[in-house]
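**Q** Here it is: the structure, laid out below.
The values are calculated or read from the model by the stated rules, or taken from the named source; none is laboratory data. Here the structure is a predicted model, which is why all the values come from computation and not from measurement. FYI the Cβ positions are ideal-geometry reconstructions off the backbone, even for glycines, and counts take in every protein chain you see. We work out accessible area using only protein heavy atoms, side chains counted, and drop any ligands, DNA or RNA first. Shrake-Rupley method; radii C 1.70, N 1.55, O 1.52, S 1.80 Å.
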Amino acid sequence: MGLKPFEESVAAALAESARGDYQAATERLSIALLQCPASHQRGRARVLAQLAHDYPRLGNLQASVRCASDAAVQADALTSLSFVYAQLLMGRDALECGLRALACARSGADPVREAWALNRIGVAYSSLDNPVQACDTTAQALEIALPQGNSELSFSCLNNQAYYWLSRRTEAHRRQDAEALAFARTQARKLSEQATAQARASGSHFQVAVAVSNLVEALLGCEEYSAARPLLDEFEALARQHGYLALQLQATVQRALILKANGQIDAALRQLQTLMDSQRDRLPPKLLRGLIYSLYETHKACGDYRAALDHLERHTELERQTARDTMALQTEVMLIRQEVEQAHARAEHAMQDVQRERKRARELERDQLRLRDQAAALDRAAHEDVLTGLHNRRHAEFALPLLIEGARQAGKPISLAMLDVDHFKQVNDDFGHGVGDRVLQQLAQLLRQKVRSADLLARVGGEEFVIALVGTQPDRALEICERLRQAVADYPWGQVAPGLRVRVSIGLAAGEPPAEARLLQERSDRALYAAKRSGRDRVCSG
């Protein structure tokens, strides 16, 4: 097979994938991979990365791992691995792969791959039960994706955000937090509607089915059953037509929930039980748990407490079985990864028998990489604060002059905020230094969530932090600092220690870049002292 037929076959498979015809796309790509010319390594890597992207849509996570491991040098493959690991609840591995993909994309100055990596990092955070961080990271991905005109990417960001807000709605309902619940409902519905509109414009059956299923879930959470029914019919028909089994089953459960909400409890029970009897062996674990829990709640609503208890006990046992199955699947994935690594090692050893000089070159290269990694680790240790994981004073003193010079050359403003914890000594005296350390760690996490990755954030003293915002107008910088102060004030510090109350003072210097970093630091220091003198827990600009 020549290069042109190979490229044509790949292009046809990509078009099928864009329409949501993943079965046809993976079959075509698998054939193209076997026929790929041996010299066309870049084409082979591209096919493997696309297969790693498509296989999870068909529920074949193991195949995705094999393909992604084989093409792991690419940001695309790392991004796909991150997604698969998240589906297997291997959150730390998912986050690691996502961050590696992000670094790879940024080093290549590739905004599309950067946004995909951030999007998958959001999925990793979701698998770690952190929907708030998942929302924030995916919002960053969407901000980068929109100007790029990549419809699949921006849809994925919107749809994922809708899903995370649905999770936050469930959590707010569990906590009985009425304000958070109302806001989560609004966000979930708005993002679901946006994702649905974009999916319809894309022409992808899969995108439409997934987006509409989330929109139905959002409408059910708002008790808008009449609006949900036609949408439920639509995505269920698409799921049946194109073989999206999980969505078919989800539609059946949602129909039963509508029946239950309308007082047709017997009909809801029949529908749920029929689904259980006919599809038990085909239901994914998460959907099966949800189905059993729905049966428990429905039997309880009927007053049939014995049946309700039976289903609750089955739900508990299924949770344990799911944990065991997940562990087994994770072990299988690790074995696949090991198998791929061993295959690479065997191929390398065979080549070493006939190419000793190349072996020495590779060993030298590995030594250089190891030395670079060690140097990078030492550099991180020299520039990172051990307690909070933020940059330290040494890094800030090195980076701030560079940021100021860069802002001056670009003709942009720069802002420097000095943040100090009010009465921190009293926190240590009253609650102990262990609590004081946890306060600093949580404060660092709050700041990290609110500050862009391009900005400078460092701990420069015991309870003192510095934030440099490049390209931010003074009034906007003041607004950001006020939001940071309010976020600290609103945080439930009582969860760290009963009776704990933490407030911060912030001094801000903003405007044109000065000739020396010292001048900007002195202005922000004076502003911080002014905030302290005028009562603390406030932002002063100098």
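**Q** Please state which of the following conditions Ala515 fails to meet, knowing it meets all the rest: (1) open to solvent by 40 Å² or more (accessible area, probe 1.4 Å); (2) assigned to a helix (DSSP H, G or I).
**A** For Ala515, the exception is condition (2).
**Q** Being among the β-branched types (Val, Ile, Thr), crowded, with 18+ Cβ neighbours inside 10 Å and in a helix (DSSP H, G or I) is the filter here; which residues of the range 399-440 pass it?
**A** Ile404, Val427, Val439 - these are the residues of the range 399-440 that are among the β-branched types (Val, Ile, Thr), crowded, with 18+ Cβ neighbours inside 10 Å and in a helix (DSSP H, G or I).
Okay, residues lined up against (1) crowded, with 17+ Cβ neighbours inside 10 Å; (2) out of contact with any Leu (no Cβ under 7 Å at 6 or more places or on another chain):
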| site | (1), (2) |
| --- | --- |
| Gln495 | no, yes |
| Arg523 | yes, yes |
| Tyr529 | no, yes |
| Val539 | yes, no |
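**Q** Test Glu179 against the criterion of being assigned to a helix (DSSP H, G or I) and within 20 Å of Asp110 (Cβ to Cβ), and give yes or no.
**A** Working: assigned to a helix (DSSP H, G or I): yes; within 20 Å of Asp110 (Cβ to Cβ): no.
No; evaluated as a whole, the condition is false for this residue.
**Q** Are there helices (runs of 4 or more DSSP H) fully within the range 1-62 with at least 1 residues that are in contact with a His (Cβ under 7 Å, 6 or more places away or on another chain) and open to solvent by 20 Å² or more (accessible area, probe 1.4 Å)? List them.
**A** 3-19
**Q** Every residue in the range 427-478 that is touching a His at 6+ places or on another chain (Cβ under 9 Å) and not hydrophobic (A, V, I, L, M, F, W, C), please.
**A** Result: Arg459, single match.
**Q** Contact list please: Cβ distance under 7 Å, first residue in the range 77-88 and part of a helix (DSSP H, G or I), second residue among the acidic types (Asp, Glu), pairs at least six apart or on different chains.
**A** So the pair list comes out as Tyr85/Asp93.
**Q** Now a separate question. Limited to the range 485-504, what total is found for residues that are out of contact with any Phe, Trp or Tyr (no Cβ under 9 Å at 6 or more places or on another chain) and either without any contact (Cβ under 8 Å) to a residue 12 or more places away in the chain or of a type in the set (S, T, N, Q) (or both)?
**A** 6
**Q** Moving to a separate point now. Would you mind telling me which numbered condition in (1) over 34 Å from the mean Cα position of the chain (by Cα); (2) loosely packed, with under 12 Cβ neighbours inside 10 Å; (3) at pLDDT 90 or above Arg360 fails?
**A** Going through (1) over 34 Å from the mean Cα position of the chain (by Cα); (2) loosely packed, with under 12 Cβ neighbours inside 10 Å; (3) at pLDDT 90 or above one by one, Arg360 breaks only (3).
**Q** Looking at Ala375, is it surrounded by fewer than 17 Cβ atoms within 10 Å (Cβ to Cβ), modelled with pLDDT under 95 and in contact with a Gly (Cβ under 9 Å, 6 or more places away or on another chain)?
**A** Against the criterion (surrounded by fewer than 17 Cβ atoms within 10 Å (Cβ to Cβ), modelled with pLDDT under 95 and in contact with a Gly (Cβ under 9 Å, 6 or more places away or on another chain)), Ala375 does not qualify.
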